[in-house]
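Enquirer: Take this structure, written in structure tokens, and hold onto it; I'll ask about it next.
The values are calculated or read from the model by the stated rules, or taken from the named source; none is laboratory data. Note that the coordinates shown come from a computational prediction; the quantities given were computed from them, not determined experimentally. Don't worry about glycine lacking a Cβ; one is built from the backbone with ideal geometry, like all the others, and counts go over all protein chains shown.
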Amino acid sequence: MKATHQTIQQIERALHKVADKFPKEAEPVLTDIHLQAKPGSGELIAYNDDMEELTRVVIEEWIGSPDDNFYEDITPILKQCLSHLSEELEQMAVLHPYSFVLIDEDGETIADIYLVDDNNLILDTELLKGLDKELDEFLAQLMSE
């Protein structure tokens, strides 16, 4: 799925509203930001850890999406928008580390899409695919010697 300019603007506007809920000068809170995407209605809803709604937007392009890979398709779009607004999002009055998490309609985590932390570099999950298998093979080889 390729996002239109309008879709990018709508997502970024919603993320600005989230950032506005945690102004830099406010007392920091402990929370993650949960982004729930609903392919049927096209809604993108942001929640805090207590599942209190922070903002909601309807992404027209997503309404009635029949795509079986909906969440996989929108993850890079959300990552792109979060990356584009990283400076603003990293200044939010939220205790570090915190993350933006994509959840499905049942509230189950689909992906950690953006982590804000002062001291760590977070690798994209694509880089980590197959790492467990390689480590297991390496350990097996060490044990056999």
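Enquirer: Scan the range 68-88 for residues that are more than 12 Å from the chain's Cα centre (by Cα) and surrounded by 13 or more Cβ atoms within 10 Å (Cβ to Cβ) and jot them down.
Expert: Answer for the range 68-88, where residues must be more than 12 Å from the chain's Cα centre (by Cα) and surrounded by 13 or more Cβ atoms within 10 Å (Cβ to Cβ): Phe70, Asp73, His84, Leu85, Glu88.
Enquirer: Would you please list the contacts, defined by Cβ atoms under 9 Å and residues six or more apart or on different chains, that run from a residue in the range 100-115 that is farther than 14 Å from Leu78 by Cα to a residue that is in a loop (DSSP other than H, G, I, E, B) and aliphatic (A, V, I, L, M)?
Expert: What qualifies is Gly107/Met51.
Enquirer: Could you grab me the full set of residues in the range 62-92 that are β-branched (Val, Ile, Thr) and part of a helix (DSSP H, G or I)?
Expert: Once the filter is applied, which keeps residues that are β-branched (Val, Ile, Thr) and part of a helix (DSSP H, G or I), the range 62-92 yields Ile74, Thr75, Ile77.
Enquirer: If you take the residues of the range 9-26 that are modelled with pLDDT of 95 or more and of a type in the set (Asp, Glu), which of them is farthest from Glu108 (Cα to Cα)?
Expert: Asp20
Enquirer: Let me ask you something else. Do we have Gln6 as among the polar types (S, T, N, Q) and over 15 Å from the mean Cα position of the chain (by Cα) here?
Expert: yes
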